[in-house]
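A.B. asks: Mind having a look at this structure? Questions to follow.
Here, each number is a calculation from the coordinates, and none is a lab measurement. The structure displayed is predicted, hence computed values, not measured ones. Neighbour counts are summed over all protein chains in view; Cβ atoms, including those assigned to glycine, are modelled from backbone coordinates with ideal geometry.
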Amino acid sequence: MSKVTGYKDKVIGASKEAVGSIASERLRTEGEAQRFQGHTAIDQAKVQNRAQAIGDKISGAFKEGTGTLTGDASLRQE
């Protein structure tokens, strides 16, 4: 899932919850579940982005170190 999907589910879920609190217990419960799913998707996307950034930093440091040791300027510049 992505942040966009998460925010969409969060908004739709909150809307269903609001309408359901007036009209239908089933709709309120469904909205609550969808809002929670949205929060989960957003958190998951944030973790994936952080993991990707950490991986990129490690990869860059490795390439730079390898370039320095081997004298390969193209690796040091990546």
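A.B. asks: Find the helices (runs of 4 or more DSSP H) located wholly in the chain whose residues include 1 or more that are touching a Leu at 6+ places or on another chain (Cβ under 6 Å), and list them.
C.D. replies: Numbers: elements: 3-23, 25-70, 73-77.
Qualifying helices (runs of 4 or more DSSP H): 3-23, 25-70.
A.B. asks: I've got another one for you. May I ask you to verify whether residue 64 is of a type outside the set (A, V, I, L, M) and in contact with a helix residue (DSSP H, G or I) (Cβ under 7 Å, 6 or more places away or on another chain)?
C.D. replies: Taking the combined requirement at face value, the residue satisfies it.
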